Amino acid sequence: MNARLAVLLAFWPLAAMPQGFAGLGTDAEGFALPQPEPVFDFPADHGSHPDYRIEWWYLTANLDGADGWEYGLQWTLFRSALAPEAGEGWTAPQVWMGHAAVTTPERHFFTERLARGGIGQAGVEATPFAAWIDDWQLAGTDFDTLRMTATGPDFGYDVQLTAEGPLVFHGDRGYSVKSAEGQASYYYSQPFYALAGTLTLPEGEIAVTGSAWLDREWSSQPLAETQTGWDWFSLSFDTGDKLMGFRLRQTDGADYTSATWIEADGSTTAYPDGAFTADPLETAQVAGREVPVHWRVTLPDRGVDVTVEAMNDRAWMTTSIAYWEGPVIVSGSHRGRGYLEMTGYE
């Protein structure tokens, strides 16, 4: 069995399990669980947390090209622990999955990498910061200044990221509750990266500038068994303010929601279940399924009542665990751009 197939089979049970989307509602016996009132330790917490079952470093960006077009960019590294025990080399229980994508108004390019932990093929180091899988990297002397690279069969990118604001923490100081039953994760973001660099597409190289948003999250059972998927929004408004909001869909037809309002200076306000709403307005046929691509999003406490529309309806990631991820355009009470991730649409 080759190494790639071995890693795919390691991830496959997560995709097949019925307990919450991708098995994220399965029992976490033996793994550490997030606790209220967390105390973060930086730069150490930029690195990996192998005592927890699932973790990711997730970056999306809205870009302007020198050719006059708008683009979206994604770079994600996922870590999943097969067991709570430690190990060395091929016995290490960590498996890694990387996703990279570039979205244009007309096309969506994406690719996937899979790796087994313990052999140096993928990993994350906190100081100096480096996250990698094969030749893809997100790395720098610290978390504020990073170089990010990835290549696929028909695209690639090489960009620089510079933080222009502080880290922000979601939920209660980084303890983000995901269900009425109390499932939770540790969750913080750096939503203030300025980006500059180059995309490589079939037609050639394109110089780009823009803004990027990096999410850091880890847990061992982030969903309830009855939660079938989520719709996650990261919106950056022309005023400089930002909004993170998600709804988790449940088998009984109800939703669980949460949101964070981020001021232009980085100060935050957390909003509990029910304060934020996201309602589909229009769907499209994508990869043989109906996927919402036009939304109404509200946060009444901040006067937010906006429509959020996909830049490209067909931003479907046909990866080991499939989902929709792409740039969006925001209009209404606030104008801007952002990113939308949707999972669990079968």
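The values are calculated or read from the model by the stated rules, or taken from the named source; none is laboratory data. Only a predicted model underlies this, so the values are computations on that prediction, with no experimental measurement involved. Here Cβ is always computed from backbone atoms with ideal geometry, including for glycine, and neighbour counts include all displayed protein chains.
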So is Arg296 farther than 21 Å from Val168 by Cα, in contact (Cβ under 8 Å) with a residue 40 or more places away in the chain and charged (D, E, K, R) or not? no
Which of (1) in a strand (DSSP E or B); (2) in contact with a His (Cβ under 9 Å, 6 or more places away or on another chain) does Gln190 not meet, given it meets every other one? (2)
Listed residues Gly117, Gly174; which is under 20 Å from the mean Cα position of the chain (by Cα), farther than 14 Å from Ala212 by Cα and touching a residue at least 24 places away in the same chain (Cβ under 8 Å)? Gly174
Within segment 62-83, considering residues that are among the aromatic types (Phe, Trp, Tyr) and more than 17 Å from Val124 (Cβ to Cβ), the one nearest to the chain's Cα centre (by Cα): Tyr71
Which one of Thr318, Thr277, Thr269, Thr298 is on the phi < 0 side of the Ramachandran plot, within 18 Å of the chain's Cα centre (by Cα) and of a type outside the set (Asp, Glu)? Thr318
Yes/no for Trp69 being modelled with pLDDT of 70 or more, buried (at least 16 other Cβ atoms within 10 Å of the Cβ), within 30 Å of Leu235 (Cβ to Cβ) and not small (Gly, Ala, Ser): no
Given Ala180, Ala207, Ala224, which one is of a type outside the set (D, E, K, R) and within 16 Å of Thr149 (Cα to Cα)? Ala207
Looking across segment 313-342 at residues that are of a type in the set (Asp, Glu) and part of a strand (DSSP E or B), the single one that is farthest from Trp69 (Cα to Cα) is Glu341
Val39, sole failed condition from (1) more than 25 Å from Glu341 (Cα to Cα); (2) at pLDDT below 90; (3) of a type in the set (Val, Ile, Thr): (2)
Suppose we filter segment 119-152 for residues that are at pLDDT below 95 and either crowded, with 19+ Cβ neighbours inside 10 Å or touching an Asp or Glu at 6+ places or on another chain (Cβ under 7 Å) (or both); how many remain? 1
Look at Glu309 and say whether it is outside any loop (DSSP other than H, G, I, E, B), of a type outside the set (A, V, I, L, M) and either loosely packed, with under 14 Cβ neighbours inside 10 Å or without any contact (Cβ under 8 Å) to a residue 60 or more places away in the chain (or both). yes
Matching residues in segment 162-183 - criterion: being surrounded by fewer than 24 Cβ atoms within 10 Å (Cβ to Cβ) and either in contact with a Lys or Arg (Cβ under 6 Å, 6 or more places away or on another chain) or of a type outside the set (Gly, Ala, Ser) (or both): Thr162, Glu164, Pro166, Leu167, Val168, Phe169, Asp172, Arg173, Tyr175, Val177, Glu181
Looking only at segment 247-271, count how many residues are among the small types (Gly, Ala, Ser) and either touching a Ser or Thr at 6+ places or on another chain (Cβ under 6 Å) or at pLDDT below 95 (or both). 3
Does segment 224-239 contain at least one residue that is assigned to a strand (DSSP E or B), over 21 Å from Thr162 (Cβ atoms), of a type in the set (Val, Ile, Thr) and free of Cβ contacts under 8 Å to residues at least 24 places away in the same chain? no
